[in-house]
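A short write-up of the structure that comes next.
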Amino acid sequence: MTTPRGSPPPPPQWGPPPQPPPGPELNGLGTASLVLGIIGVLCGLTPLLFWAAGVLAVLALVFGCVGIRRANRGQATNRKTAIWGTSLGAVAAVLAVVGLVITVTVVNDTVDKLNGTGGKKESSTAPIEPPGRRPQDSDGLGFGDTFAYDDGVKVTVARPTAYRPSEFALGHSTGDKPIEVKITIVNGSDKAVDLNLSTVTFKDADGAEADKIFDGDVPREFAGTLAPGKQAVATYAVSLPADAASALEVEVEPGFLDYEDAGWTGTVK
């Protein structure tokens, strides 16, 4: 193509016009979500700050979701930051729930323990061992004594008797002293007692927990629900080390947290 005579030449072609410099990153909500998520996780890991973790988790999730939506629309350039903030907000929410459950459980257990049923030793017709031969705990309970709780529940630990384990018995070692203990719970209250929550422990003369013997139908432990006016009997066999078989301590708690534990101590013949 020719240019008419006398016309000025066309301007030179220098390529596409230059692009404007990129603007600053739009990261307000995404950054806020990330910061709130980090603080929320830290609060969730701190005891008793679960409530703060919950509040921060909600804010982090809201800001993070809005930030992701704005980034998808091209209104922000911090999509990864918003995603991290949302993820940390979710973690903080989980920690807040866990903290709430733990706190409620501890508070309820403490209240139940404070309101647990106490009691006292009841008069016993069992023969009294000679002084100095029967160690006693703070309740002064010896084998054959009955501990009566305030609501009418009564627990009696009979005197230990000799036990002969079979060749298939578990928990007994040759040379140790096997004994049998019977425990009776009488429900004199006006409500049922959950025996599944009862605990029984045995300690030898050295204060170490003694091994229970599992042999046939022994132990016959407390189980089920004990109705008012009824009684239940459990039978245990215990193996005491030869060098710590002179005495036995039995601790009974009829219902976990509902009743205080009571202890019986005495010599083993």
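The values are calculated or read from the model by the stated rules, or taken from the named source; none is laboratory data. Quick caveat, the model's predicted, so the values are computed rather than measured. All Cβ positions, glycine included, derive from the backbone under ideal geometry; neighbour counts span all protein chains shown. Side chains are part of the model used for accessible areas, which takes the heavy atoms of the whole protein and leaves out ligands, DNA and RNA. Shrake-Rupley method; radii C 1.70, N 1.55, O 1.52, S 1.80 Å.
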Run the dipole for the range 150-269 about the Cα centre, Lys and Arg Cβ at +1, Asp and Glu Cβ at -1, nothing else charged, and hand back the magnitude in debye, nearest 20. 540
Accessible area in the full protein assembly, largest first, 1.4 Å probe, for 209, 251, 167: 167, 209, 251
How far apart, in nm, are two points set 7 Å out from the Cα along the Cα-to-Cβ line at residue 260 and at residue 233? 2.9
Report the FRET efficiency, 1/(1 + (r/R0)^6), for residue 214 and residue 192, where r is their Cβ-Cβ distance and R0 is 35 Å, rounded to 0.05. 0.80
So if we plug the beta-carbon distance of residue 269 and residue 104 into 1/(1 + (r/R0)^6) with R0 = 51 Å, what FRET efficiency do we get, rounded to 0.05? 0.55
What's the FRET efficiency of residue 206 with residue 48 using the Cβ-Cβ distance as r and R₀ = 35 Å, to the nearest 0.05? 0.30
For labels at residue 87 and residue 151 in the simple 7 Å Cα→Cβ model, what's the distance in nm? 5.0
Using the basic label-point model (7 angstrom from Cα toward the beta carbon), what is the residue 246 to residue 173 distance in nanometres? 2.0
